[in-house]
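The values are calculated or read from the model by the stated rules, or taken from the named source; none is laboratory data. Since the model is a prediction, treat every value here as computed from it, not as a measurement. Positions of Cβ are backbone-derived with ideal geometry, glycine not excepted, and every protein chain shown enters the neighbour counts.
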């Protein structure tokens, strides 16, 4: 993968952004996400009446002198979240389209950067035919992050991996403690919907980012063409075919693509998951600063 968006200028433009996760998530102590529970930070949140067993060191004695009742000072709680990023490394994601592959990698890297900037735990998980791969382990801090993305340019895209098996088989998926992002074109025969259901069962916040190339969104083909499946290694595969492109066929493709995207959007909406479909010719910054704000992931 020779095309790349990853450079110092790219990451410097992300400094003003942060991930906006649901405040009901549990997470770990020591992060930067405010949650609805009360904790031990220095930021005051509220008062409540003393109850038997409470820590008497938190009693506000000034209020006691005024009301002759015991009140506790409550402070905000900040948690560290676990951010999982699953990147589809199938053939359709970049085997013959380095621009699409570079765009997917840049999107994954940008979200990962925002995670470590928020002091969150991060894992990059690659969905491959051989199964799920997590070559970097759990990443905490920018030094570990930049060491990891240095290997991104060696990523290879091929085959048609099983998204469901890779995600449900991931051993470090926590419960109610962060965000899981799936980056794919979802042009697959694997049952990715079961993977999303599994993540929802684990009470994860879920975001699906569909990346397609301009040719996939609006194919400019006419006449007789040979269609070769990018995920096929056998030219005799029945998915490969010779076909005559007509205006009627183009209209049918447009409708099928619209229905395909609407099915994903409707599925995600019913499960409280976020969904975003973008073209690989859209500036990555526009996705981050604009589109993700609309789905409530950025702030």
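Can you tell which of 41, 76 is modelled with pLDDT under 65 and surrounded by 15 or more Cβ atoms within 10 Å (Cβ to Cβ)?
When all the criteria are applied, what remains is 76.
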Item checked: Lone unmet requirement of (1) in the same structural domain as residue 203 (by TED's automatic domain parsing); (2) in contact with a helix residue (DSSP H, G or I) (Cβ under 9 Å, 6 or more places away or on another chain); (3) in a loop (DSSP other than H, G, I, E, B) for residue 69 -> (1)
Next item on the list: Could you list all residues from the stretch 153-171 that are under 17 Å from the mean Cα position of the chain (by Cα) and in contact (Cβ under 8 Å) with a residue 60 or more places away in the chain?
Entry: 163, 166, 167, 170
Check: Scanning for something more than 30 Å from residue 246 (Cα to Cα), in a loop (DSSP other than H, G, I, E, B), within 18 Å of the chain's Cα centre (by Cα) and assigned by TED's automatic domain parsing to the domain that holds residue 268, does the stretch 206-216 turn up at least one residue?
Finding: no
Checklist line | Of residues in the stretch 159-170 being in contact with a strand residue (DSSP E or B) (Cβ under 9 Å, 6 or more places away or on another chain) and more than 12 Å from residue 133 (Cβ to Cβ), the one surrounded by the fewest Cβ atoms within 10 Å (Cβ to Cβ) | finding: 165
Margin query: Tally up the residues in the stretch 253-299 that are farther than 16 Å from residue 185 by Cβ, in a helix (DSSP H, G or I) and at pLDDT 85 or above, please.
Written below: 5
